[in-house]
Every structure is written in structure tokens, then in C-alpha cells.
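A short worksheet on the structure shown next.
The values are calculated or read from the model by the stated rules, or taken from the named source; none is laboratory data. It should be emphasised that the depicted structure is a prediction, and the values quoted were computed from it without experimental measurement. Positions of Cβ are backbone-derived with ideal geometry, glycine not excepted, and every protein chain shown enters the neighbour counts.
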Amino acid sequence: MAFCATALVGLLAANAPDPETLSPRTNYMLHCQGCHLADGSGRKGKVPDMRGELGRIAQLPGGRDYIGRVPGVANAQLTDAQLARVLNWLIPEMTPEIAATFAPYSASEVGHLRRNRLQEVRAVRQRLLTQDRGKPLQTQ
Ligand code: HEC
């Protein structure tokens, strides 16, 4: 799957489409789905299941920042604007019940977050989901 996605990206890169013109769903397919799978279910023990969870994370203190700083997001070969559109589509898609209250990311917010990419991702994620919910995430 990861290989297919990589091959597809290579194929499309050869035809030089402009990612700005692709829909967020298509960019998710090209840049994220190789690991996260089409439905966001991920891979047990390796890639977290985002279904029903992502909106919850987005609403935790520090969670919104965490989402913009995980390596898969921060390192994506997308512009800040395109990445913001992917997240603004993905989060309500994974957790429809938060769609009404979710405040979309701006390109500049995403740009700021992704430039502060997380290093100790698993530890930060664990802390985020269990304790210290009131504390801001550590910077690298
Ligand atoms: C190479 C595999 C891979 C790719 C590609 C990838 N991710 Fe991830 N993603 C992960 C893993 C693994 C995690 C869990 C945190 C960690 O260990 O980095 C994660 C975590 C996340 C999270 C936080 C969810 C949580 O429960 O912690 C979000 C949101 C996310 N990814 C979105 C994306 C988006 C959007 C893209 C595409 C732009 C993307 N990812 C590309 C592997 C990937």
C-alpha cells in the first residue's frame, strides 16, 4: 500500500500536477493514505486509528498543535495552504460530531506548527491522551 502510494506520487510528479488544484481528499490519498489507509483506520500498533478519535484529539489542550506537528503532517510534500485544507477536511471527516465546532486551521497556523515538528512523538501523544492535559506540549 505504501509502495503503491509512493509509486502513484512518482507517477503524478512526472506529469507535474499542481497539488493546489487537487482536492484535499486526493491529497490525502496521495500523501497520507499509504500509512493511514483510505478510511483512516491505520495499522494496529503502528499507525493510530483516526476514526472517531481525531476530533477528540483536536479538542484536547495541546491537541490542535500536536496534529500540526506530527511528522507525517509536518513533513508532507504539500504547501501550508494545501496541508491546512487536508486537515480541515480530514478532522471532521474522521469525527463528524465535532464538525460544527471545529475551527479550521489557517495556512499560517499550519506553517508555524509544521516548522516545530515533534521529535518525541510517541511520548508526547501518550501524555496528551492520558495525563497533563492542561499543560502545553513540550517543544522539541
Ligand atoms: C509514513 C507513514 C505516515 C504518513 C505518510 C503519514 N502519517 Fe500520519 N501518522 C503516522 C504515524 C505512525 C502516526 C502516529 C504518531 C507517530 O508516531 O508519528 C501518525 C499520526 C498522525 C496524526 C495524529 C493522530 C494520532 O492519533 O496521533 C495525524 C492527524 C496524522 N498522522 C495525519 C496525517 C496526514 C494528514 C498525513 C498526510 C499529509 C499523514 N498523516 C501522513 C504515519 C504516517
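So the check is Cβ under 9 Å with 6+ separation or different chains; which pairs have a first residue in region 76-92 that's surrounded by fewer than 19 Cβ atoms within 10 Å (Cβ to Cβ) and of a type in the set (Phe, Trp, Tyr) and a second one that's part of a helix (DSSP H, G or I) and modelled with pLDDT of 95 or more?
Here the result reads Trp89/Pro24; Trp89/Arg25; Trp89/Asn27; Trp89/Tyr28, each pair linking region 76-92 to a residue that is part of a helix (DSSP H, G or I) and modelled with pLDDT of 95 or more.
Could you list all residues from region 12-58 that are more than 11 Å from the ligand (Cβ to nearest atom), modelled with pLDDT under 90 and assigned to a helix (DSSP H, G or I)?
Let us first name the residues in region 12-58 that are more than 11 Å from the ligand (Cβ to nearest atom), namely 12-18, 20-23, 25-26, 38-39, 41, 44.
With modelled with pLDDT under 90 added as a condition, the list becomes 12-18, 20-21.
Once the filter is applied, which keeps residues that are more than 11 Å from the ligand (Cβ to nearest atom), modelled with pLDDT under 90 and assigned to a helix (DSSP H, G or I), region 12-58 yields Leu12, Ala13, Ala14, Glu20, Thr21.
Can we say Glu109 is loosely packed, with under 14 Cβ neighbours inside 10 Å, of a type outside the set (Val, Ile, Thr) and touching a residue at least 24 places away in the same chain (Cβ under 8 Å)? I'd like the intermediate steps shown before the answer.
Values: loosely packed, with under 14 Cβ neighbours inside 10 Å: no; of a type outside the set (Val, Ile, Thr): yes; touching a residue at least 24 places away in the same chain (Cβ under 8 Å): yes.
Against the criterion (loosely packed, with under 14 Cβ neighbours inside 10 Å, of a type outside the set (Val, Ile, Thr) and touching a residue at least 24 places away in the same chain (Cβ under 8 Å)), Glu109 does not qualify.
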